[in-house]
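Here is the structure we will look at, set down as structure tokens.
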Amino acid sequence: MKIVVTGGLGFIGSHVVVELQQKGFEVVIIDNLSNADKNVFNGISEITGITPLFEEMDLRDKASVIDFFSRHTDVDGVIHFAASKAVGESVENPLLYYENNLNTLVYVLQELQKKDTANFIFSSSCTVYGQADQMPITENAPVKPAESPYGNTKQIGEEIIQDVCRVTPNLNAIALRYFNPIGSHESSLIGELPIGTPQNLVPLITQTATGQREQLSVYGDDYPTPDGTAIRDYIHVVDLAKAHVVALQKLLKREMSSNYDFFNIGTGKGSSVLEVVNAFEKVTGEKLNYKIVARRPGDVVEAYANTTKAKEVLGWQTELTLEDALASAWKWEQNIRGY
Ligand code: UD1
């Protein structure tokens, strides 16, 4: 079975490529290398012993998308990661985000719509819930107005897919709403490679521990949570990657009851920023220099998943712990030097 992974050299995409290849799928990666390192390709090949096909391509170029699918008529599924993901940048440059995250989606769907049958997995985010009224968050929680153009592209992306599926019975799609992906493959051959200053908590923690950054700022300790810091659902990227394979298999086996559905992909467990810091110190033996600063504008108090739907419909649940993820992130941080 031939699966196209757009953005397949990125953080999550590369881990999904590994899991797909290990399950016997043939993978074609499309990536424009805008936020990825070519060494990731070598890492994937080394882990799996299989060199995936790779096409360096920008999906904003519609002619290239048409050309790609005309050369690969035997594609069984597409997992679509290619997108920009920095919240702050999206506020500064909304059109970049709308073009990069939505035009590309439209072009890919246009090609899939032409096929007799097509399977599609979309990389969505728990950001669509904003500050949900109830924890843990079920898929029935309302989608709240987006806080940023980035968040808006995930909401609109889901709506586009749903609208297209309604009129395209041959298109089967699943949107996966990720909570906070962290960690890296146990080999440390692939992992998260933030370009410039990282925005997310765990790369900031590991860079502080290596001394690349002097101090971690903990954004706010006056939230209405047990220790006052904000709560998230941190999921090991390898567990997250496996969710994609399971969802794809459900589509391929025609086991879904409708041709569009969406799932929370998280652990179901909320951890506060200080709990993450403490767990990091415990698993690594490193002392982290941090200080409490003001809240970060736009942050929600808490977000963690109700995972029942993923468990019952997809038969998927996480296997790895927060500690596993932090240990792997730390091992990876020390290996990045080789990049
Ligand atoms: C962020 C994005 C979200 C996106 C996700 C992708 C925002 C507001 N949200 O989620 O839309 O889908 O990344 O992974 O940017 N923290 C600190 N100090 C730091 C960095 C983070 O205390 O230096 C805290 C944050 O306040 C938050 C938690 O750590 O409580 C996690 O932050 P982060 O990793 O940025 O993820 P989210 O904000 O949940």
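The values are calculated or read from the model by the stated rules, or taken from the named source; none is laboratory data. Small disclaimer: the values here were computed from a predicted structure and weren't measured. Counting neighbours? That spans all protein chains shown, and the Cβs are built from the backbone with ideal geometry, glycine included. Heavy atoms of the whole protein, side chains included, go into the accessibility calculation; ligands, DNA and RNA do not. Shrake-Rupley method; radii C 1.70, N 1.55, O 1.52, S 1.80 Å.
Restricting Asp227, Asp239 to those that are open to solvent by less than 10 Å² (accessible area, probe 1.4 Å) and not in a strand (DSSP E or B) reduces the list to Asp239. Against the numbered list (1) over 19 Å from Glu192 (Cβ atoms); (2) open to solvent by 50 Å² or more (accessible area, probe 1.4 Å), Val27 comes up short only at (2).
Listed residues Val16, Val40, Val28; which is among the aliphatic types (A, V, I, L, M), over 24 Å from Tyr98 (Cα atoms) and in contact with a Lys or Arg (Cβ under 8 Å, 6 or more places away or on another chain)? Checking each option against the conditions leaves just Val28. Do we find that Leu109 is open to solvent by less than 30 Å² (accessible area, probe 1.4 Å), among the hydrophobic types (A, V, I, L, M, F, W, C) and more than 14 Å from the ligand (Cβ to nearest atom) in this structure? When the stated conditions are applied, Leu109 passes them. Among residues of the stretch 181-204 that are closer than 17 Å to Gly88 by Cα, those with a Cβ under 8 angstrom from a residue that is at pLDDT 90 or above and more than 14 Å from the ligand (Cβ to nearest atom), sequence gap 6+ or separate chain, pair up as Pro203/Glu333. Taken across the stretch 274-289, residues that are surrounded by 20 or more Cβ atoms within 10 Å (Cβ to Cβ) and among the charged types (D, E, K, R) do not occur at all. Looking only at residues in the stretch 249-282 that are in a helix (DSSP H, G or I) and over 28 Å from Val87 (Cβ atoms), which one is nearest to the ligand (Cβ to nearest atom)? Only one residue tops the list, namely Lys282. In the stretch 263-279, the residues that are among the hydroxyl-bearing types (Ser, Thr, Tyr) reach residues that are in a helix (DSSP H, G or I) and at pLDDT 95 or above with C-beta atoms within less than 7 angstrom, at least six apart or across chains, in these pairs: Ser271/Leu322.
Rundown of residues vs (1) open to solvent by 30 Å² or more (accessible area, probe 1.4 Å); (2) away from the ligand (no atom under 13 Å from the Cβ); (3) among the basic types (Lys, Arg), yes/no style:
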position: Leu96; (1), (2), (3): yes, yes, no
position: Phe122; (1), (2), (3): no, yes, no
position: Cys126; (1), (2), (3): no, no, no
position: Glu147; (1), (2), (3): yes, no, no
position: Thr153; (1), (2), (3): no, no, no
position: Leu176; (1), (2), (3): no, no, no
position: Ile195; (1), (2), (3): yes, yes, no
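Could you list, in sequence order, all residues of the stretch 60-91 that are in contact with a strand residue (DSSP E or B) (Cβ under 6 Å, 6 or more places away or on another chain), open to solvent by less than 20 Å² (accessible area, probe 1.4 Å) and within 12 Å of Ile30 (Cβ to Cβ)?
Hits for the stretch 60-91 are Val75, Val78, Ile79, His80.
Scanning the stretch 1-19 for residues that are in a helix (DSSP H, G or I) and either among the acidic types (Asp, Glu) or over 12 Å from Gly191 (Cα atoms) (or both) yields Val17, Glu19. Looking only at residues in the stretch 296-315 that are away from the ligand (no atom under 16 Å from the Cβ) and β-branched (Val, Ile, Thr), the one that is least open to solvent (accessible area, probe 1.4 Å) is Thr307.
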